[in-house]
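Shown next, in structure tokens, is the structure this report addresses.
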């Protein structure tokens, strides 16, 4: 990312998926700090508490308490977070989920691959893109 | 459950018999490939367990004796190095644990392709992943059942969806069942959902038992 020290916020309640993402990030040599929250509500608390916003949010959709779509609605209504780049990483192939989240200005919608090497390729691609892109803040 | 155990070591036979008694399994021991061949001509078994090295051959020879049979090999060799001959293979190492008797006729082996590609032989990570799966999957199954029993179909859809990820990584063959439950949940059609929930319970419980076996192998 433009600032390689920016935190990547992972909003994901499934521990196995978190381990998978961390494994891929580690193997790809990505050095950005990772911070994990297990639902949208906790992610909002985190955003409220930090001084520097994350460079990227990787967001699951199906989570308890506050799901990914609800989280997006909250941040897009808040001037502090409305420009936060968010990539959805989900197993949901539902068209409605894609439509709802793109309408909430996500930067990408990725379906979790069933193969780890493809998963790594996906994480690598997301990282490279955000490494090249300027951030809005 | 009727189990054929091919083992030429008397001490190991004694240990296994003790475990089988606890599990109320009907256990028949044979000491050699030849004896196994004779008994398999005459009888059918729910499960065959075979030590790898036997006096007159190896477990490779056992695999040639039967097809479409569930077989546990006592070996540390990777299962894909064997010619399965249509059999469903599982493996464990000595000392064996009573959980191997939980592999029943309805069991399907774990598909460890994703797990192996993810862990790349890193034993510590394998242990961590299996422990995490054993922590989350029983509770995920319980949540699916709770949602179904309380007829909360929105929640059922959510819980079925959530369970997929852990099951996928560990290779428990329930993804199709979960996907169908997820797709049908909001219809509230109990006549279609009930058999799927039953199937899920059976396959997931058996899968979790096999995850325990995989975990024990890494002790």
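Please treat every number below as a calculation from the coordinates, not as lab data. Everything numeric here is computed off the predicted structure, so don't read it as measured data. Cβ: placed from backbone, ideal geometry, glycine included. Neighbour counts: every protein chain shown.
Of the residues making up the range A:36-57, those that are touching a helix residue (DSSP H, G or I) at 6+ places or on another chain (Cβ under 7 Å) and either crowded, with 21+ Cβ neighbours inside 10 Å or farther than 19 Å from residue A:137 by Cα (or both) are A:36, A:37, A:40, A:43, A:55, A:56.
Residues in the range B:120-129 that are within 10 Å of chain A (Cβ to nearest Cβ) and in a helix (DSSP H, G or I): B:125, B:128, B:129.
Listed residues A:93, A:98, A:82, A:73; which is within 14 Å of chain B (Cβ to nearest Cβ) and either in a loop (DSSP other than H, G, I, E, B) or over 30 Å from residue B:126 (Cβ atoms) (or both)?
A:93
Could you tell me which residue of the range B:139-154 is surrounded by the fewest Cβ atoms within 10 Å (Cβ to Cβ), considering only residues that are touching a residue at least 24 places away in the same chain (Cβ under 8 Å) and either at the interface with chain A (Cβ under 9 Å from one of its Cβ atoms) or assigned to a helix (DSSP H, G or I) (or both)? The selected residue is B:154. Residues in the range A:48-70 that are within 20 Å of residue A:18 (Cβ to Cβ) and in a loop (DSSP other than H, G, I, E, B): A:50, A:54, A:55, A:60, A:61, A:62, A:63, A:64, A:65, A:66, A:67. Restricting attention to the range A:8-29, the residues that are in a loop (DSSP other than H, G, I, E, B) and either buried (at least 18 other Cβ atoms within 10 Å of the Cβ) or within 14 Å of chain B (Cβ to nearest Cβ) (or both) total 4. Against the criterion of being under 22 Å from residue A:114 (Cβ atoms) and either within 14 Å of chain A (Cβ to nearest Cβ) or free of Cβ contacts under 8 Å to residues at least 40 places away in the same chain (or both), residue B:177 qualifies. Considering the conditions (1) under 20 Å from residue A:30 (Cβ atoms); (2) more than 13 Å from the chain's Cα centre (by Cα); (3) away from chain B (no Cβ under 14 Å), residue A:113 is excluded by exactly one of them, (3).
Residues checked against (1) more than 10 Å from every other protein chain (Cβ to nearest Cβ); (2) loosely packed, with under 15 Cβ neighbours inside 10 Å; (3) out of contact with any helix residue (DSSP H, G or I) (no Cβ under 9 Å at 6 or more places or on another chain); (4) within 27 Å of residue B:92 (Cβ to Cβ):
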{"site": "B:118", "(1), (2), (3), (4)": "no, no, no, yes"}
{"site": "B:137", "(1), (2), (3), (4)": "no, no, no, yes"}
{"site": "B:156", "(1), (2), (3), (4)": "yes, no, no, no"}
{"site": "B:165", "(1), (2), (3), (4)": "no, no, no, yes"}
{"site": "B:185", "(1), (2), (3), (4)": "yes, no, no, no"}
{"site": "B:198", "(1), (2), (3), (4)": "yes, yes, yes, no"}
